[in-house]
Amino acid sequence: MNKRADATKLLKEIYDEKPGYRDVIFILGKAYYYDLKFPDAIRLFQEAWDKDPDNISALLWIIKTQFAAGIRDKAFLENIQTYAKHDPANIELLFINGRILEEAGKTDQAIQSYNQVIMQTLPLALSHKRLAEIYKKANIPQKASFHERKFENLTAKE
């Protein structure tokens, strides 16, 4: 039984009855994205963005969908610039930007974009360290060990 297909069908029914319901628009867009129905996903994420320009999550999903669909047009690049004004340190955006710069042969700029991603590794590593401590205290050694290894891998010197 394909639960995502059932969920998508139900969301589509709700959307058809109440097209203004923002959460349904967004979740249905994600369902289409994961079903690789990129034009439908973009249309819904764009609808969510148009209805609420403060909803930068919708804009990020437009960008992610355009990227996955292989769209590299002016609108795609403008969306990246618009999103970067709101959240310039977003790891997904920086990665996509790095890929786009690579595709354009702008290796130096791609390196800068990827370096911005890896500069955010320290907070990630420290989060693993804190989780290891919490799981130790909670006497969950498997999870504590997992997070200790992640911390060590992220902070290891080359």
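Observations
- Helices (runs of 4 or more DSSP H) wholly inside the range 50-121 that include at least 2 residues being open to solvent by 30 Å² or more (accessible area, probe 1.4 Å) and of a type in the set (A, V, I, L, M): 56-68, 74-86, 107-118
- Flag if Glu92 is closer than 22 Å to Lys30 by Cβ and either touching a Leu at 6+ places or on another chain (Cβ under 9 Å) or in the same structural domain as Leu28 (by the TED database) (or both): yes
- Number of the condition not met by Gln81 [criteria: (1) outside the structural domain of Leu59 (by the TED database); (2) closer than 18 Å to Gln46 by Cα]: (1)
- Unmet requirement for Pro19, which otherwise passes all of (1) modelled with pLDDT under 85; (2) open to solvent by 100 Å² or more (accessible area, probe 1.4 Å): (2)
- Of all residues in the range 143-158, exactly one satisfies the criterion of being open to solvent by 90 Å² or more (accessible area, probe 1.4 Å) and touching a helix residue (DSSP H, G or I) at 6+ places or on another chain (Cβ under 8 Å), namely Lys143.
- All of Leu36, Leu44 fail the test of being outside any helix (DSSP H, G or I), under 22 Å from Gln66 (Cβ atoms) and among the hydrophobic types (A, V, I, L, M, F, W, C), apart from Leu36.
Each row is one residue, and each column tells you yes or no for (1) of a type in the set (S, T, N, Q); (2) within 30 Å of Arg22 (Cα to Cα); (3) in contact (Cβ under 8 Å) with a residue 12 or more places away in the chain.
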| residue | (1), (2), (3) |
| --- | --- |
| Asn79 | yes, yes, yes |
| His86 | no, yes, yes |
| Phe95 | no, yes, yes |
| Glu103 | no, no, yes |
| Asp108 | no, no, no |
| Lys129 | no, no, yes |
| Asn153 | yes, no, no |
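The values are calculated or read from the model by the stated rules, or taken from the named source; none is laboratory data. Model, not experiment: these values are computed from the prediction. Reconstructed Cβ throughout: ideal geometry from the backbone, glycine too, with neighbour counts over all protein chains shown. Note: accessible area is taken over every heavy atom of the protein model, side chains too, but ligands, DNA and RNA are not part of it. Shrake-Rupley method; radii C 1.70, N 1.55, O 1.52, S 1.80 Å.
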